[in-house]
Amino acid sequence: MKTEIRQRLTALRAEMKKLTIDAWYISGTDPHSSEYLPKRWETREYISGFTGSYGLVAVTLDNAALWTDSRYFLQATEELDGTGIEMQKLRVTDAVSPDTWLSQNLPAGSRVGLDAQSLTVDAFRSLQKGFLKKDIELVETPDLFEAIWEDRPAVPNDKVFELDVEYAGVPRPEKQQKIAGELASFGADIHVVSMLDELAWLYNLRGSDVPYNPVFTAFGVVGKDRNLLFVDPAKVEPELRSKLEADGIELKDYTTFYNYLSEIKGKTIFIDPSTLNFAAYSALAGKNEIIEGTSLVAIQKAIKNETELEGFRSAMKKDGVALVECLHWLKETIGKETITDYEFGKKLAEFRAKQADFKGESFPPIVGYKSRGAIVHLHIGADDALPLETDGVVLFDSGGQYIDGTTDITRTVALGAVSDQFKTDFTLTLKGMIGLTQAKFPYGVKGCHLDILARQALWENGMNYGHGTGHGVGHFLNVHEGPMAIRLEYNENLMLPGQVLSNEPAFYREGQYGLRTENMMVCVERETTEFGRFLGFDTLTLCPIDTSLIKVDLLTEKELKWLNEYHQWVNNELKPLMENKYHKFLDELTGEI
């Protein structure tokens, strides 16, 4: 594989020379700013061999580099070894940005090429700004992968299917009217929508174009008197087409999107520069007034309606049953039969698949045993699996897609004896998860204001973790969604009632172990006082936390009370749904401490 990567780099450089460009920038995403990608746009993996879900690549005629964040530092170092591509860190204090690296590796007057269809407006501007000081020109080029990628996969043509309003909660026309009302408040005529999960939510449709994400490849243009969905006609069956048209949605061919935009003149158009690609922006700019902001669809999608929230609660019960049954299987099997970390990941999916309306996993399972637990987004296959033994701990981060909701959960469980140090680390991290769960805060607070609650006990002991604490979760959609987040970095989007987020503080000792406890929660109204509205979080996830790993004396009375009440709730909710043979095991896992 390493030899293949070097050959691909050579082929790419030959294409660059034909266009007289000195470097080519690869955003690592598709025309829809997707995190998980259809095979066609897995360009980062094709050119570098790096299999993580996030990363940027720059290739000059002499050098190449890949940037990723702390989730993937260890993985990227390993996968890039021998390819001729160096690993650069992102989201750390001493990070060298791609534009700085390119400026250091290119002489003044150089030309850096990129495919504008696979780069957001914000990313384009950021690069351009970085290059201005260095007299480096940013050049739009064709997609060079078309020339070098033999047998490149086509745009997927899997069928689109409808998510019934029984699960979606709100019909399509009502969603359009809400967006039109928001547009009117900005004085805008139309909103260009390019994120696949936003389109799936807006039109109450789902698909299977992207592994783990029930989305389909499309673009949308929506306004008071315009509702267009650009999608491959072969993906929509005649009966569904008729239903969409009856709801006022005009279907157009996916390939006509950019031409359509180029013909719009004299309109006021709302776009999200953090997600719309630069080619789409270029087709509109100059002939129309552009208003920029966070996608109006993303904001609405993140605030779940009552039907969606009930769906999440239903999905959590099914998920909890599956996980307890899987933990029971693990306990009964380990030490008697050989089980690998890879097989345990497969078992998690097997137990979920027994549940009603299970539609697949929401992301590839992460199973980190012993020192592998310190690799944040570990991906293992059957060929590099490790046997699980009655020793140490295993961290497993996994999730399910159910027609009524999406789940994401991490638990760290003991398989045998653990050190005193581990218990201390586990408990300090758990204090952060509980601290964020119990947060009560005034309306107007953003995720960056809350992040400290998850880290405080760690910081007090000179400890930290390098990733965010909480991300939005879609409703039978992408397991990672915005626009809000709980992390150290500033994000202007508020915490709002109805938003569903993860809560996943963690701690990693490289070469020794990793630990993480993750629940999902929903933002809710708490009370209104003379000092304003106060919000908080209600937990959604139903699964025991391993109390054998806890140093009880490190917990406050309030934290211990929360933990015992959580376990009582888990027991009450799950036991009626489980076979009698699991009841004793569930009682053991949820017993008071």
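The values are calculated or read from the model by the stated rules, or taken from the named source; none is laboratory data. The model shown is predicted, which means the values in this text are computed figures rather than measured ones. Using ideal geometry, Cβ is built from the backbone for each residue, glycine included, and neighbour counts are taken over all protein chains shown.
Conditions (1) at pLDDT 95 or above; (2) within 14 Å of THR410 (Cβ to Cβ); (3) among the small types (Gly, Ala, Ser), marked per residue:
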| site | (1), (2), (3) |
| --- | --- |
| PRO497 | yes, no, no |
| PHE507 | yes, yes, no |
| GLY514 | yes, yes, yes |
| GLU518 | yes, yes, no |
| GLU525 | yes, no, no |
| GLY536 | yes, no, yes |
| THR541 | yes, yes, no |
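Just to be sure before I move on: is GLU559 in contact with a Lys or Arg (Cβ under 8 Å, 6 or more places away or on another chain), in a helix (DSSP H, G or I) and more than 15 Å from MET433 (Cα to Cα) in the structure I sent? The answer is no for GLU559. When residues in the stretch 287-324 are screened for being surrounded by fewer than 22 Cβ atoms within 10 Å (Cβ to Cβ) and part of a helix (DSSP H, G or I), 9 of them pass. If you go through the stretch 181-233 and pick out every residue that is among the acidic types (Asp, Glu), more than 23 Å from GLY399 (Cα to Cα) and touching a residue at least 60 places away in the same chain (Cβ under 8 Å), you end up with 3.
Residues of the stretch 119-176 that are assigned to a loop (DSSP other than H, G, I, E, B), of a type in the set (S, T, N, Q) and surrounded by fewer than 17 Cβ atoms within 10 Å (Cβ to Cβ): ASN157 alone. When GLY416, GLY368, GLY444 are checked against the criterion of being modelled with pLDDT of 95 or more, in contact with a Gly (Cβ under 7 Å, 6 or more places away or on another chain) and in a loop (DSSP other than H, G, I, E, B), GLY416 stands alone in meeting it. Scanning the stretch 448-483 for residues that are of a type outside the set (Phe, Trp, Tyr) and under 23 Å from TYR203 (Cβ atoms) yields GLY472, VAL473, GLY474, HIS475, LEU477, ASN478, VAL479, HIS480, GLU481, GLY482, PRO483. Return the total of residues in the stretch 234-264 being in contact (Cβ under 8 Å) with a residue 24 or more places away in the chain, of a type outside the set (Val, Ile, Thr) and within 25 Å of ASP404 (Cβ to Cβ). Number satisfying all stated conditions: 6. Answer yes if at least one residue in the stretch 576-590 is over 25 Å from PRO442 (Cα atoms), β-branched (Val, Ile, Thr), touching a residue at least 12 places away in the same chain (Cβ under 8 Å) and part of a helix (DSSP H, G or I), and no otherwise. No, the stretch 576-590 contains no residue that is over 25 Å from PRO442 (Cα atoms), β-branched (Val, Ile, Thr), touching a residue at least 12 places away in the same chain (Cβ under 8 Å) and part of a helix (DSSP H, G or I). Flag: PHE441 does not match the condition of being surrounded by fewer than 24 Cβ atoms within 10 Å (Cβ to Cβ), of a type outside the set (A, V, I, L, M), within 23 Å of the chain's Cα centre (by Cα) and more than 19 Å from PRO544 (Cα to Cα).
For the stretch 524-548, which residues satisfy the criterion of being part of a strand (DSSP E or B) and either surrounded by fewer than 12 Cβ atoms within 10 Å (Cβ to Cβ) or in contact (Cβ under 8 Å) with a residue 40 or more places away in the chain (or both)?
Once the filter is applied, which keeps residues that are part of a strand (DSSP E or B) and either surrounded by fewer than 12 Cβ atoms within 10 Å (Cβ to Cβ) or in contact (Cβ under 8 Å) with a residue 40 or more places away in the chain (or both), the stretch 524-548 yields ARG526, GLU527, THR528, THR529, GLY532, ARG533, PHE534, LEU535, GLY536, PHE537, THR539.
Among residues of the stretch 373-406 being β-branched (Val, Ile, Thr) and touching a Phe, Trp or Tyr at 6+ places or on another chain (Cβ under 8 Å), the one that is farthest from MET521 (Cα to Cα) is ILE380. Total residues in the stretch 97-109 satisfying the condition of being surrounded by 15 or more Cβ atoms within 10 Å (Cβ to Cβ), in a loop (DSSP other than H, G, I, E, B) and either modelled with pLDDT under 95 or of a type outside the set (A, V, I, L, M) (or both): the figure is 1.
The set of residues in the stretch 419-441 being assigned to a loop (DSSP other than H, G, I, E, B) and without any contact (Cβ under 8 Å) to a residue 24 or more places away in the chain consists of SER419 alone. Using the structure shown, decide if ILE339 is in contact (Cβ under 8 Å) with a residue 40 or more places away in the chain, over 16 Å from GLY472 (Cα atoms), assigned by TED's automatic domain parsing to the domain that holds GLY498 and out of contact with any Cys (no Cβ under 8 Å at 6 or more places or on another chain). Yes; evaluated as a whole, the condition is true for this residue.
Within the stretch 227-245, does at least one residue satisfy the condition of being assigned by TED's automatic domain parsing to the domain that holds GLU289, modelled with pLDDT under 95 and outside any strand (DSSP E or B)? Scanning the stretch 227-245 turns up no residue that is assigned by TED's automatic domain parsing to the domain that holds GLU289, modelled with pLDDT under 95 and outside any strand (DSSP E or B). The condition of being crowded, with 23+ Cβ neighbours inside 10 Å, within 11 Å of the chain's Cα centre (by Cα) and closer than 24 Å to TYR212 by Cβ holds for GLU481.
Do we find a residue being more than 22 Å from THR427 (Cα to Cα) and in a loop (DSSP other than H, G, I, E, B) anywhere in the stretch 462-473? Checking the stretch 462-473: at least one residue is more than 22 Å from THR427 (Cα to Cα) and in a loop (DSSP other than H, G, I, E, B). Determine whether the stretch 112-127 contains at least one residue that is modelled with pLDDT under 95 and either in contact with a helix residue (DSSP H, G or I) (Cβ under 6 Å, 6 or more places away or on another chain) or closer than 21 Å to LEU9 by Cβ (or both). Yes. Name the pairs: first residue in the stretch 37-55 and within 19 Å of PRO156 (Cα to Cα) and outside the structural domain of ILE26 (by TED's automatic domain parsing), second residue surrounded by 20 or more Cβ atoms within 10 Å (Cβ to Cβ) and modelled with pLDDT of 90 or more, Cβ to Cβ under 6 Å, at least 6 apart or on different chains? Once the first residue is within 19 Å of PRO156 (Cα to Cα) and outside the structural domain of ILE26 (by TED's automatic domain parsing) and sits in the stretch 37-55, no partner that is surrounded by 20 or more Cβ atoms within 10 Å (Cβ to Cβ) and modelled with pLDDT of 90 or more comes close enough.
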